[in-house]
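*Asks:* This is the structure I want to talk about, given as structure tokens.
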Amino acid sequence: YKIEELTYNISPSATSINEGEILTTSISTTNVAANTTLYYSLSGTGISSNDFFSGSLTGSGTVDSNGDFSFSHTLANDLTTEGNEILNIKLFSDSALSTQAGTTSVVTITDTSKTPTYSISPSAGSINEGQTLTTSISTTNVAANTTLYYSLSGTGITSSDFSSGALTGSGTVD
């Protein structure tokens, strides 16, 4: 009587992936019976459900007649600069996620998000009544056609202080 060794292999579609892309993880097994349910978890320092646009941190799959199954996650393009993150993909034989099957597969999530910045530049720091004040807004990492809103305020400032323009409004990033 020979005992067949069970093997489990986790193969992510990439070992390094950008935010916003789809990560497909393929599981292949040897000597695992068809219709066996296996469980997976995705974890790592700073890894949370917010890192994914679709897909869960834990789940399960059923081994097919070839000993395989796969699952996919779409990584969130969260627009927050956080640095690269390390994602650990683990496979388990139990729903409590306590008996690991095979070895952990590691994927680097490349941070492609950049925190937006805004700079407000008035044409002058001080002006006299009757003069024109022009204010320019500069941005980085803000998408074209994004609408930004503004308001002018200060001690004693009212709309009657202006011969043109409004105290509130909006503009579009070009």
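*Asks:* Which ones in segment 34-55 are at pLDDT 95 or above and either within 18 Å of Ser98 (Cβ to Cβ) or among the aromatic types (Phe, Trp, Tyr) (or both)?
*Replies:* Thr36, Thr37, Leu38, Tyr39, Tyr40, Ser41, Leu42, Ser43 - these are the residues of segment 34-55 that are at pLDDT 95 or above and either within 18 Å of Ser98 (Cβ to Cβ) or among the aromatic types (Phe, Trp, Tyr) (or both).
*Asks:* So which residues in segment 101-114 are closer than 21 Å to Ser13 by Cα and open to solvent by 50 Å² or more (accessible area, probe 1.4 Å), if there are any at all?
*Replies:* Hits for segment 101-114 are Thr103, Thr104, Val106, Thr112.
*Asks:* Which residue out of Gly67, Gly61, Gly55 is out of contact with any His (no Cβ under 6 Å at 6 or more places or on another chain) and on the phi > 0 side of the Ramachandran plot?
*Replies:* Selected residue: Gly67, the only one of Gly67, Gly61, Gly55 that is out of contact with any His (no Cβ under 6 Å at 6 or more places or on another chain) and on the phi > 0 side of the Ramachandran plot.
*Asks:* I'm told Gly61 meets every condition in (1) without any contact (Cβ under 8 Å) to a residue 40 or more places away in the chain; (2) in a loop (DSSP other than H, G, I, E, B); (3) among the small types (Gly, Ala, Ser) except one. Can you identify the failing condition by its number?
*Replies:* Failing condition for Gly61: (2).
*Asks:* State which residue is farthest from Thr140 (Cα to Cα) when the search covers only segment 74-88 and only residues that are within 11 Å of the chain's Cα centre (by Cα) and open to solvent by less than 40 Å² (accessible area, probe 1.4 Å).
*Replies:* Among those residues, the one meeting the criterion is Thr74.
*Asks:* Can you work out which of the residues in segment 1-26 that are among the charged types (D, E, K, R) and surrounded by 13 or more Cβ atoms within 10 Å (Cβ to Cβ) is farthest from Ser113 (Cα to Cα)?
*Replies:* Initial filter on segment 1-26 (among the charged types (D, E, K, R)): 2, 4-5, 19, 21.
Narrowing the set further to residues that are surrounded by 13 or more Cβ atoms within 10 Å (Cβ to Cβ) leaves 19, 21.
Working: Glu19: 8, Glu21: 12 Å.
Across segment 1-26, the extreme among qualifying residues is Glu21.
*Asks:* So, of the residues in segment 27-54 that are open to solvent by 60 Å² or more (accessible area, probe 1.4 Å) and under 14 Å from the mean Cα position of the chain (by Cα), which turns out to be nearest to Ala14 (Cα to Cα)?
*Replies:* Among residues in segment 27-54 that are open to solvent by 60 Å² or more (accessible area, probe 1.4 Å) and under 14 Å from the mean Cα position of the chain (by Cα), the one nearest to Ala14 (Cα to Cα) is Phe53.
*Asks:* Residue pairs, Cβ under 8 Å, 6 or more apart or interchain, first in segment 125-149 and of a type in the set (Ser, Thr, Tyr), second open to solvent by 70 Å² or more (accessible area, probe 1.4 Å) and in a loop (DSSP other than H, G, I, E, B). List them.
*Replies:* Thr132/Ser123; Thr134/Ser123; Thr135/Ser123; Ser136/Ser123; Thr140/Lys114
Residue by residue, here is whether (1) within 38 Å of the chain's Cα centre (by Cα); (2) more than 23 Å from Thr81 (Cβ to Cβ) holds:
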{"residue": "Leu133", "(1), (2)": "no, yes"}
{"residue": "Thr147", "(1), (2)": "yes, no"}
{"residue": "Ser160", "(1), (2)": "no, yes"}
{"residue": "Ala166", "(1), (2)": "yes, yes"}
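The values are calculated or read from the model by the stated rules, or taken from the named source; none is laboratory data. Just so it is clear, the structure is predicted and the values come from calculations on it, not from any experiment. Backbone-built Cβ (ideal geometry, glycine too); neighbour counts: all protein chains shown. To get the accessible areas, we keep the full protein, side chains included, count just its heavy atoms, and leave off ligands, DNA and RNA. Shrake-Rupley method; radii C 1.70, N 1.55, O 1.52, S 1.80 Å.
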